[in-house]
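Down below is the structure, laid out as structure tokens.
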């Protein structure tokens, strides 16, 4: 990702998903930061989970396989 893209990501997320921890942000870590689940949608990449806190909105995509022990977060992104 280019520097401008990273800066835009940080500006959009308002601290929810920082550039340095974007890959480690999960539904679990957002819930631990007092985000609440406000919606769920089916998608081709897996269920999308919308989480919100004080005007911040983040969508995370989760997936599982028949052999996986848990449903894991694929990635999370801020919503404009």
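Nothing in this text is a laboratory measurement; each read-out follows from the coordinates by a stated rule. Keep in mind the model is a prediction, meaning the values are calculated, not measured. Please note: Cβ atoms are built from the backbone with ideal geometry, for glycine as well, and neighbour counts cover all protein chains shown.
Listing 35, 50 from the residue with the fewest other Cβ atoms within 10 Å to the one with the most, what is the order?
Neighbour counts put them in this order, fewest first: 50, 35.
Rank the residues 37, 49 as a footprinting-exposure proxy: fewest other Cβ atoms within 10 Å of their Cβ go first.
On the way: 37 13, 49 22.
Fewest-to-most ranking of 37, 49: 37, 49.
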> Which length gain, in nm to one decimal place, applies between residue 54 and residue 26 when the Cα-Cα distance is subtracted from 0.36 nm times their residue separation?
Replying inline: 8.3 nm
